[in-house]
1. Would you be able to say whether some residue in the range 40-57 is closer than 30 Å to A156 by Cα and in contact (Cβ under 8 Å) with a residue 60 or more places away in the chain?
2. Restricting attention to the range 127-141, does a residue exist that is of a type in the set (G, A, S) and surrounded by fewer than 16 Cβ atoms within 10 Å (Cβ to Cβ)?
3. Return the total of residues in the range 87-104 being touching a helix residue (DSSP H, G or I) at 6+ places or on another chain (Cβ under 8 Å) and in a helix (DSSP H, G or I).
4. In the range 150-170, which residue that is more than 16 Å from the chain's Cα centre (by Cα) and closer than 18 Å to S115 by Cβ is modelled with the highest pLDDT?
5. Which pairs do you get when a residue that is on the phi < 0 side of the Ramachandran plot, found in the range 72-86, comes within reach of a residue that is surrounded by 12 or more Cβ atoms within 10 Å (Cβ to Cβ) and polar (S, T, N, Q), reach meaning Cβ atoms under 7 angstrom, with the pair 6+ apart or on two chains?
6. Is it the case, given these coordinates, that I181 is under 20 Å from the mean Cα position of the chain (by Cα), closer than 18 Å to P63 by Cα and surrounded by 14 or more Cβ atoms within 10 Å (Cβ to Cβ)?
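The values are calculated or read from the model by the stated rules, or taken from the named source; none is laboratory data. Everything numeric in this text was worked out from a predicted model, so none of it was measured. Methodologically, a virtual Cβ is constructed for each residue, glycine included, from the backbone with ideal geometry; neighbour enumeration extends over all protein chains shown.
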Amino acid sequence: MPMLAKSVLLERLVGTIQSASALAVPLLIIAILVWGAYKRVPVYEEFVKGAKDGVSVALRILPFLLAMFLALGILRASGALDMAASVLSPVLNVIGVPVEVVPLLIVRPLSGSGSLGILADLLSTHGPDSMIGRMASTIQGSADTTFYIVTVYFGAVGIRRVRHAVWTGLIADIVGFLASIIVCTLVFG
């Protein structure tokens with residue numbers, strides 16, 4: 001197949017995907033309304049009831065969110081992240097982890113928005129195609145916010161005994177970090 005035909009085919013495919021993407025949400029809303037009418041569900045009333053429930057959940061979660069953001073702010077402002085990075089950097093340098101991603105490794109289990117801020121800073125400083133940018137992006141996508149989940153979601157539903165959940169989440173985060181490092185080193189190194 002000639003190169004020109006491939007590029008035309010690719011342009012058509014991209015155009016089709018963009019059109020489908022633009023229509024996805026409106027079609028989903030229409031499908032929900034049609035399905036609700038078919039099942040004789042009062043869609044508007046159920047929506048309002050769900051919105052009320054959402055507001056009450058947000059109010060229950062708010063104190064836990066504030067505590068989490070305060071703790072993260074204290075960690076960043078006190079220099080504890082920089083100190084932890086300097087302590088961990090000799091060990092991580094041995095396995096090929098750039099010292100610049102250490103704050104991301106520390107913050108990711110604590111806060112999604114905090115780790116996203118660190119990722120954005122790393123990408124603007126080093127570029128998305130650098131080893132640091134690629135490794136940081138992979139780490140961001142391969143680990144979760146364990147302490148955030150335990151604090152906010154478990155706290156909101158009243159779960160107090162979280163010992164095993166914390167350890168399981170942290171082990172999953174460590175596995176995600178190590179897998180990110182290995183994959184990035186093999187693919188981009």
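1. Scanning the range 40-57 turns up at least one residue that is closer than 30 Å to A156 by Cα and in contact (Cβ under 8 Å) with a residue 60 or more places away in the chain.
2. Yes.
3. Step one: list which residues in the range 87-104 are touching a helix residue (DSSP H, G or I) at 6+ places or on another chain (Cβ under 8 Å), which gives 88-89, 92-93, 95-104.
With the extra rule that they be in a helix (DSSP H, G or I), the set shrinks to 88-89, 92-93, 99-104.
Residues in the range 87-104 being touching a helix residue (DSSP H, G or I) at 6+ places or on another chain (Cβ under 8 Å) and in a helix (DSSP H, G or I): 10 in total.
4. Taking the range 150-170 first, the residues more than 16 Å from the chain's Cα centre (by Cα) are 151, 154-168.
With the extra rule that they be closer than 18 Å to S115 by Cβ, the set shrinks to 151, 166.
Values: T151: 80, V166: 89.
Across the range 150-170, the extreme among qualifying residues is V166.
5. From residues that are on the phi < 0 side of the Ramachandran plot, the pairs are L72/S111.
6. Numbers: under 20 Å from the mean Cα position of the chain (by Cα): yes; closer than 18 Å to P63 by Cα: no; surrounded by 14 or more Cβ atoms within 10 Å (Cβ to Cβ): yes.
In short, no.
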